Amino acid sequence: MKKTLFRYIFNEIPPPFLVGMVTFTLVLLMGRFLKLAEMVVEKGVPLTDVLRMVSYLLPSFWLFTIPMALLLSILLAFGRLSGDSEVTAMKSCGISLYGLLPPPLLFSAFASLLCMWVTVYAVPWGNSSFKALMLEIAQNSAGISIKEKVFNNAFPDMVIYADTLDAKAQNMAGVIVHDERDPKAPTTIFAESGALYSDTRTHSMEFQLKNGSIHRTEEKGGYRMVQFQEYVLRVALADTAAKGPKKASEMTIDELLHPPRGADKKEALARRLELHSRLALPFSCIVFTFMGVPLGIQNRRSGKASGFSLSIAVILCYYVVLSAFDTLGERGILPPSLSGWGPNLLFLAAGVYLFMKTAAEEPLPLSGLYPYLKEFVRARFGKGGRG
């Protein structure tokens, strides 16, 4: 009988979990859609490259959406079981709340393993691949972004104007370049003609200008003009962060465990914080199971919308605490191990407490707060209120 019951409870969890994964992932992607659309429309980036960018971003989203979807699925599953009085029927058959815990724990173990694979392998791969693709896109689309008879800002701190432009050959005539990469000595270049070339080896673009003059403002009000027949202006496409060492989020577990010799204390601390954060975050799935079961049972009559709102509230509180512990770890107030695992320990203690209170059929703390707030809002802003 227990096997049939466990299978029945277990089957309640995957459907809302998949819906939550899709919903939360789309919500996180919406923040990037506008920028991606701008790259397609204004810079001529191929749609296939945009889809590759989305695929590289997905692992970093899944790291958050897997625990969020798990909490939502458990809240909805046990909210449905409780709302249909099935939990009461199970208790009348002598099955306590502890006897209902194995199915959600088993599913959360699968979710934790999936989240662990994402954080150990998929996230570093996605971050590194995304950076490489952005560099490739900048290399290929920089010339496309330049349009004739328009002041173009395709390159940082530079404005480029071309009176005529051959888009295929990248030949220009009537060229004006205003360069403010050195704010102390802004430069303006006028040239009769020029050509744009891409250097894949150095990740840069070259303007080969002919027959022109360079006008430069020196410090303390000085001014210099130089005429030229040929002049090469090189523009780096990758910023110092892209060309510099890997970020901690792009490193593998082995790289985090074995920092190079001579690494400073700040870099070593960043690696240790990243390591403990990666290992601790997947276990939030287990933590959310102990919180989701009692909250779902208490949320029996409020429907799916309330379950969704409750999951968002718990997730928000968790990530606020996670951010606070990360800050304390970065400032050296907490050791990296406690900074990474502290939020899980706090929420696990709260979840076990809520679970024990619900198993003993005792009211949860602040359980009467919602009706009070509801009556207050109705009295204050309802028809009988005076504004």
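The values are calculated or read from the model by the stated rules, or taken from the named source; none is laboratory data. Computed from a prediction, not measured in an experiment: that's the story for all the values here. Cβ atoms come from the backbone with ideal geometry, glycine included; neighbour counts cover every protein chain shown. For the accessible areas, the whole protein counts, side chains as well, though only heavy atoms, and no ligand, DNA or RNA atoms are used. Shrake-Rupley method; radii C 1.70, N 1.55, O 1.52, S 1.80 Å.
Key figures for this structure:
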item	result
Accessible surface, per residue, of the range 1-116 when the full set of protein chains is kept, probe 1.4 Å, Å²	50 Å²
Cα lying deepest toward the dipole's positive end in the range 1-123, options 81, 97, 36, charges on Cβ	97
Simple label model, 7 Å out from Cα along Cβ direction - residue 254 to residue 324, nm	3.9 nm
Carbon and sulfur %, accessible surface of the range 10-138 computed with the full protein complex present, 1.4 Å	74 percent
Alpha-carbon centroid distance for the pair the range 164-198 / the range 1-31, whole angstrom	55 Å
Difference of contour (0.36 nm per residue) and Cα-Cα distance, residue 225 to residue 208	4.3 nm
